Amino acid sequence: MTWKERLKMALGEEVVRDDPHHLEGYARDSSDAPAVVPEAVIHPRNAEEVVKAVNILREYRIPITPRGSGTSLSGGAVPHPGGVVIAFDRMARIKEINADDLLAVVEPGVITGDLHRAVEEMNLFYPPDPASLETCTVGGNVAENAGGPRALKYGTTKHYVLELEVVTATGERVKVGKRTKKWVVGYDLPSLFTGSEGTLGIITEVALRLLPRPPKRFTLLAAFPDEVSAGRTVSEMVRRGLLPAALEFVDHKCIEAVGEKIAPFLPKGTGSFLLVEYDGFGPEFEAQVEITYEIASRNGSLELLAAEDESTRRRLWEARRGVLPALEGLGYAIRHEDVVVPRSRIPDLIAHTEEVERKVGVKLASFGHAGDGNIHVNVLYEPGQEEKMERAVNMVVEKVWELGGTSAGEHGIGTLKRELMRRELPPFVYTLLKDVKALFDPDGILNPHVMFLP
Ligand SMILES: Cc1cc2nc3c(=O)[nH]c(=O)nc-3n(C[C@H](O)[C@H](O)[C@H](O)COP(=O)(O)OP(=O)(O)OC[C@H]3O[C@@H](n4cnc5c(N)ncnc54)[C@H](O)[C@@H]3O)c2cc1C
């Protein structure tokens, strides 16, 4: 019997799919990584089915790629040639929301935005908010340690993971961590699995920390003539001790390319904008808003647009969240770089992207989480310009390293940033990480093509 026949016998044809049309839908993610059609897609209904699948696939050394919604921007959800996908669309239940202990227990396929709405109905709050939140899954967020605009004040996914249920590469179903606020019994395995991009284990259940929902929220879009005045505003806000829930940035290249589509209300001459959102409980909240107005005006803001109601707030957020989908709509292939620099160096980075554009001859457009210094530099290129794109990426990342930054902030390494990871990490650390991978996955079946070069 072949491995596929054994899988079908153990799990049923409804769970193990291999019709070509179905497989085609799992060949790509949201990055520009080349498509790879999997041999089969498994849609487990529970963790026991994941265990059964792993035990069979392990015998035949078949590579496994766990998959949420495939919104990865680094190629990590594209399967390995000859491999299978385990997709979590049927494991998408919110099992528990506990207001007394401030936690939620969910299956990995839950859509992040659905979790937000479910907890907010109970006056609770789950902060991680990747801009893809209406499509991406909690399992994918944990696997990537996803961030988002609110990471500035509230941290990334790892700050909310209490306990994980994981199916290991050897077919064990284990829980790591505890559903308590504190826990120090042994190494911090939940943190190790968080951000491991499906290379160490398959996440089948997640217990997440929740917060009380802040009752007040204020959103403001500040338009500036250029990135330097926007950058000065960011630096001064941080220096003055302001802590917005989000402090987002869009550069003039994005505005030139898609501004009319996503933010037609921007005043003439806008060369950059900041989206600032505060949330909170008391009077200090209003004071922060006032100081922000004062700083932005003094640094040359052309206009300050405040959201007085929910529909205006959504419109202002669309100006930021809509940037990437609008860039994608231009018809270029996009390499999504995800660099982090010290906040004060953002204007230097943007000036450098202009130089790269001039020297290399591909378009670069940048936006991102200014409060974290996490800037998504998008290299827009056409078929046949792959070498130019790679050259542009290298020039950007080398500048980032020179500025004291890092090549990857929140989108993972996947397959597209493996070489950058190898160059960024000290050789001893790189080898140590490979040894950790080998310890968890002795047969090398879990996303063997992700993170590490062969
Ligand atoms: C428009 C857009 C905006 C985005 N904005 C942000 C942002 O603001 N912040 C941010 O951090 N990211 C952002 N992303 C990137 C992406 O949405 C995140 O990385 C997200 O966490 C991926 O979730 P997913 O469910 O789509 O996972 P997938 O893309 O399916 O998978 C991602 C990785 O996780 C692994 N994986 C998935 N599920 C599991 C599981 N159950 N167990 C083990 N491994 C698993 C996969 O093998 C793969 O390596 C954005 C993407 C897009 C397209």
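Couple of notes before you dig in:
- Greater than 26 Å apart at Cα, pairs in Lys399/Lys437; Lys359/Lys399; Lys153/Lys178: Lys399/Lys437
- Each 20 Å bin from zero holds the following percent of Cα-Cα pairs in the chain: 25, 56, 19, 0.
- Test item: Cα-centred dipole of the chain, Lys/Arg +1 and Asp/Glu -1 on Cβ, debye: 660
- The stretch 3-87: Cα Rg divided by the 2.2 N^0.38 Å rule of thumb: 1.02
- FRET E, pair Val429, Lys4, Förster distance 25 Å, beta-carbon r, rounded to 0.05: 0.05
- Compactness relative to 2.2 N^0.38 Å, alpha carbon Rg of the stretch 160-235: 1.74
- When the GluC sites (Glu not before Pro) in the stretch 289-364 are filtered for DSSP coil states and for at most 10 other beta-carbon atoms within 10 Å of their beta-carbon, the remaining sites are Glu308.
- Low-density loop positions, chymotrypsin sites (Phe, Trp or Tyr not before Pro), the stretch 266-304 - DSSP coil, at most 11 other Cβ in 10 Å: Phe281
- Descending principal axes extents, the stretch 374-454, alpha-carbon based, whole Å: 39, 31, 19
- Rg followed by Dmax, in Å, when the stretch 331-412 is reduced to its Cα trace: 11.7, 36
- Approximate shape of the stretch 97-212 as ellipsoid semi-axes (Cα gyration tensor, √5λ), whole Å, largest first: 21, 16, 13
- Of the trypsin sites (Lys or Arg not before Pro) in the stretch 218-294, those whose Cβ has at most 10 other Cβ within 10 Å and which sit in DSSP loop: Lys268
- Anisotropy class of the stretch 216-324 from Cα gyration tensor, a/c 1.5 cut: oblate
- Alpha carbon convex hull of the stretch 347-390, volume per residue in cubic angstrom: 63
- Full-extension gain in nm, Glu294 to Thr180, via 0.36 nm per residue minus C-alpha separation: 36.8 nm
Throughout, read-outs are computed from the coordinates displayed, never taken from laboratory work. Small disclaimer: the values here were computed from a predicted structure and weren't measured. So basically every Cβ, Gly included, is an ideal-geometry build from the backbone, and we count neighbours across all protein chains shown.
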